[in-house]
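See structure below.
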Amino acid sequence: MNPLFLELTVVLLGIALLMVEAFFPKLCKKRLAFVGMGGLFFVLLLTWLPMSSVSIESAPFYTIDNVALFFKRFMIVTTILTLLMSLDYIPVIERGIPGERLGAGVGEFFILPIFACASLMWLVSAVSFILLFVSLECMTVVLYISISYLRKDPKSLEAGTKYLILSALTTGFLIYGISWIFGVTGTTSIAHLAESIVLLPASSMTPLLFGTGLILVALCFKIAAFPFQFWLPDVYQGAPTPITAFLSIASKAAGFVLLLRFLEQLYLIPTLGKKVFAITTLLAIVTLLFGNLAAMAQTNMKRLLAYSSIAHTGYILMAVASIGAALAVPAIGFYLVAYLAMTSLAFIVLMIVTETSGGDEIYCFQGLHERSPLLAAAMTVAMISLAGLPFSAGFFGKFFIFQVAFQQGHYGLLAVATLSVVAGIYYYLKVVKAMYWKQPSETCTPITLSKLTTVLISALIAVIIILGIYPTPILMSLQ
């Protein structure tokens, strides 16, 4: 099967659902979500079929290697989870969007992540700066709309505006950096960048480094590395919760794939590799310190998860700085899969608690074990895994990251990361303390969960525990 058929199928699925939404306005919007999930699951199954090779001549911009295939599946699963979360978010959408009929705008909310998924699938296969830019901008346009989707909510509009302006700024950095590298090397191919750099005279290193720095600025914005993380807390807090989860997981993973493909080429050049290694190591250290220290002071759950997301970026950057280790790419892949499971679980619980309590502050979680033992247990598992405690997916995620850093002799980086883990335990267990040791601030009313939500929460708990005991399948799929 031609691998390009995967993205084409996802795009056609999104277009078909848009047509159904337009011509059948009275159709139950949940059906659109279920059809979308069914179509994505079908595409997910297709990724296990034998793929025909893509030659440089026929598609010089596209690859279908193990990394690309792994992250295509990752993006599809993330989108399916986002659609599942959105089913419980329908009442919030209906309140947040003015419309003449009940449910106006709900259908498009389910369809937009499908188009974002197609863009992300192209993005992880991009081995050309041109495809990288086009797919990145397609994804960003969808996220502009999704983040500011609740048009009656000032926070949502503010989040969308900030993301729009800052994304446009970083797009300028990206294009300018690509222009410099193309001007120096004469190629837009990421896969053959090292071959072109080897032929350059020594006088070309300065403009090459300048272009590289501009591209790193743009990619650091996408993964929310310090000091390019300033947009993250406000956008996370203002965006609809399912979109916040999608942005936290899928966008971050795609950014790291691009960073890996770009830096792998630079590491092949000894003179460039040392400079890039120093920059990446410094980024990892300051990102770890800032993310964890800022998260410790948060009282809002969304902002806590936003700052902790910055800290997790720092952990993954440790592996990026240790790219010479054989386990580096599998370690990054496993960490992102673990992050997908535990962050999705945390955002599902947050969304339900916010809807029933009317707020997303940490005090809204007080006494949650009395209102819903399952939600309290789910959030506990998510917090334990995010903190990296044993018998959870997060523990092995951090263990493999620390292992590759140790193999490369990054002992200073390991010391900072160890202190960061201790800080993370403090602010994650603060949420657990509120659920089990604090009395609810208002009348304790039980929270009723739908069967689908109960099954989804139970499945994510099981995934976190299973990966915390047996991580081998994920690691093997990237080796």
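The values are calculated or read from the model by the stated rules, or taken from the named source; none is laboratory data. Just so it is clear, the structure is predicted and the values come from calculations on it, not from any experiment. Virtual Cβ from ideal backbone geometry, glycine too; neighbours counted across all protein chains shown.
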Review point. ALA278: assigned to a helix (DSSP H, G or I) and at pLDDT below 90, yes or no?
Key: yes
Revision key, fill the gap. Quick count over region 306-330, residues being out of contact with any Ser or Thr (no Cβ under 7 Å at 6 or more places or on another chain) and of a type outside the set (Ser, Thr, Tyr), is 12
Practice item. Considering each of LEU456, LEU460, LEU419 in turn, give the residue that is under 16 Å from HIS312 (Cβ atoms) and either touching a Leu at 6+ places or on another chain (Cβ under 9 Å) or crowded, with 17+ Cβ neighbours inside 10 Å (or both). Key: LEU419
Practice item. Determine if region 197-209 includes at least one residue that is touching a strand residue (DSSP E or B) at 6+ places or on another chain (Cβ under 6 Å) and modelled with pLDDT of 80 or more. Key: no
Exercise for review: Would you confirm whether any residue within region 52-60 is within 17 Å of ALA118 (Cα to Cα) and either modelled with pLDDT of 90 or more or surrounded by 13 or more Cβ atoms within 10 Å (Cβ to Cβ) (or both)?
Suggested key: no
Point to revise | Residue check, LEU389 surrounded by 16 or more Cβ atoms within 10 Å (Cβ to Cβ) and free of Cβ contacts under 8 Å to residues at least 40 places away in the same chain | key: yes
Check your understanding: How about region 176-223: which of its residues are free of Cβ contacts under 8 Å to residues at least 12 places away in the same chain and in contact with a Leu (Cβ under 8 Å, 6 or more places away or on another chain)?
Key -> THR187
Study note, to complete from the structure: Those residues of region 128-150 which are aliphatic (A, V, I, L, M) and touching an Asp or Glu at 6+ places or on another chain (Cβ under 9 Å) amount to ILE145
Exercise for review: Filter region 121-163 down to residues that are of a type in the set (Ser, Thr, Tyr) and assigned to a strand (DSSP E or B), then give me how many there are.
Suggested key: 1
Point to revise | Flag for LEU305 being out of contact with any Gly (no Cβ under 8 Å at 6 or more places or on another chain), within 16 Å of GLY388 (Cα to Cα) and either assigned to a helix (DSSP H, G or I) or not basic (Lys, Arg) (or both) | key: yes
Exercise for review: Could you figure out which of (1) modelled with pLDDT of 85 or more; (2) under 21 Å from LEU40 (Cα atoms); (3) not charged (D, E, K, R) isn't true of ILE130?
Suggested key: (2)
